[in-house]
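Beneath this line is the structure, given in structure tokens, with notes to follow.
The values are calculated or read from the model by the stated rules, or taken from the named source; none is laboratory data. Just so it is clear, the structure is predicted and the values come from calculations on it, not from any experiment. Heads up, the Cβs are rebuilt from the backbone with ideal geometry, glycines too, and the neighbour counts pull from every protein chain shown. Each accessible area value is taken on the protein alone, full model and side chains, heavy atoms only, with ligands, DNA and RNA left out. Shrake-Rupley method; radii C 1.70, N 1.55, O 1.52, S 1.80 Å.
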Amino acid sequence: MNQNPNQLDRRRFSQISFATMLSTGVAPAMIGRASAVEPTRKLGLAVVGLGGYATSSIAPEVSSCQHVRLAGVVTGDAEKGKLWAQRHGFKEDAIYDYDTIDKIAGDDRIDFVHITLPNSMHAEFAIRAAKAGKHVMVEKPMAISSKECEQIIAAAKQAGVLLGVNYRLHWEPHHVRAIDKLSGGAVGNLTNGNYEFSWGYARALMGKNKDRIKKWLLNPTMAGGGALFDTGVYPIQAACYLTGREPVAVRGLPTTFHHDLFPDGVEETMSYELLFDDGFQALCRASYSQSFHQCTTLGPKGSVEIVPGDSRGSVFGQSGGGNPSPKRLLVNRKEVVLEQTLQQADLLDAFAQAIIRGDKTFKTPGEMGLRDIRIVEKIYESAASGGVRVNL
């Protein structure tokens, strides 16, 4: 299919089964005073944190949204905020800093925020935005502890705002169709899965542009951990949404090759096993040692596999610069051709539509983010004990 991704009929990809959503074990969040808005206007988004992710992946796609417009920013760099205002057409009085974010409570131009700050800052600013009466989308991982996740969920419920976690692949056509194929019996009863999201952070830290590479990932206080906290939630997510199940136990085995690059508390690689009560086993890895993605789910009849679409694509990677990240879906080694989409635009439009409808929960709610951080914590617990099985 060769349609323009900006013309995607996103309704097609909102039809992931309700049964699949329920399989995550999430609880509905109550939405109160900020639940519904005038359905004929685009909702105003304020991006909180203007780093590389916001600049390269979120901002270029807002213009493709049907239901969202960029209405403001929260940043520690006033000049950068002014540049965003000029580029994206909002007024400079909609630029807030981290000390004045609470004032967005009185800014009717802003309906929701997207938190794109370092991991350790997610909880504080998600809670402050919720208390200001704004709906909240939080970048993954939701927070650096399950306790912080619980605090965010509680704040959103108390404020009566919608809370979501940026698990954009729940709308990505290749992952959505993979769920449909697996639930439809394409490979028979599911037996095993292999899921990995690794990227060459170590190589980048030693490369010619090493001084321009973000360094906060090397601070365990800010990052929460190492590769597992950075990209490890993607294999966890894949194992859950592709099977429609949740693990009952985990094992974790960390390793670090470059001790000169990665301090204590920031593992270079985490290999981990997710065990399910029906015998399904997911072998997963998150690493900074090499760039490699894998998303393969197996059964007696064959496999369902998502692979990069070309040299620019990746299995789990987001679209960037206003361009899709190409993917391919192979069902029993036969390709299913699907549209390549702008993942952030799809996510933001889905969140805006949920707000407009007054939905009481979102497809990827805070409870899902909490579940994943609880799994991460148990993997670290296992790793600290030599890789023993730890029950969830």
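In table form, for the structure just shown:
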read-out: Enumeration of residues in region 134-173 that are among the charged types (D, E, K, R) and within 14 Å of the chain's Cα centre (by Cα); value: 139, 140, 168, 172
read-out: All positions within region 309-340 that are open to solvent by 60 Å² or more (accessible area, probe 1.4 Å), in contact (Cβ under 8 Å) with a residue 60 or more places away in the chain and among the basic types (Lys, Arg); value: 328
read-out: Verdict on residue 25 being assigned to a loop (DSSP other than H, G, I, E, B), open to solvent by less than 40 Å² (accessible area, probe 1.4 Å) and at pLDDT below 95; value: no
read-out: Residue match in region 367-384 (condition: assigned to a strand (DSSP E or B), open to solvent by less than 30 Å² (accessible area, probe 1.4 Å), of a type in the set (Val, Ile, Thr) and at negative phi); value: no
read-out: Candidates 273, 267 - the one that is of a type in the set (D, E, K, R) and buried (at least 23 other Cβ atoms within 10 Å of the Cβ); value: 267
read-out: Sole residue being crowded, with 21+ Cβ neighbours inside 10 Å and either basic (Lys, Arg) or in contact (Cβ under 8 Å) with a residue 24 or more places away in the chain (or both), chosen from 123, 155; value: 123
read-out: Any pair with Cβ under 7 angstrom, 6 or more apart, that starts in region 65-76 at a residue that is in contact (Cβ under 8 Å) with a residue 40 or more places away in the chain and open to solvent by less than 10 Å² (accessible area, probe 1.4 Å) and ends at one that is of a type in the set (A, V, I, L, M, F, W, C) and in a strand (DSSP E or B); value: 68/43; 68/45; 71/45; 71/46; 74/46; 74/48
read-out: Only listed residue being over 21 Å from residue 137 (Cβ atoms), of a type outside the set (Ser, Thr, Tyr) and touching a helix residue (DSSP H, G or I) at 6+ places or on another chain (Cβ under 6 Å), chosen from 307, 337, 315, 331; value: 331
read-out: Residue 188 being out of contact with any Asp or Glu (no Cβ under 6 Å at 6 or more places or on another chain) and on the phi > 0 side of the Ramachandran plot; value: yes
read-out: Count of region 276-308 residues which are at negative phi, surrounded by fewer than 17 Cβ atoms within 10 Å (Cβ to Cβ) and part of a loop (DSSP other than H, G, I, E, B); value: 6
read-out: Residue match in region 120-132 (condition: part of a loop (DSSP other than H, G, I, E, B) and not hydrophobic (A, V, I, L, M, F, W, C)); value: no
read-out: Filter result for the condition that a residue is modelled with pLDDT under 95 and either within 22 Å of residue 391 (Cβ to Cβ) or of a type in the set (Asp, Glu) (or both), over 264, 277, 310, 260; value: 310
read-out: Pairs, first among the β-branched types (Val, Ile, Thr) in region 191-211, second open to solvent by less than 30 Å² (accessible area, probe 1.4 Å), C-beta under 8 Å, six or more apart; value: 191/280; 191/299
read-out: Near pairs, Cβ below 8 angstrom, 6+ apart or cross-chain, from region 259-275 (under 19 Å from residue 373 (Cα atoms)) to any residue that is crowded, with 22+ Cβ neighbours inside 10 Å and among the basic types (Lys, Arg); value: 269/285; 270/285; 271/285; 272/285
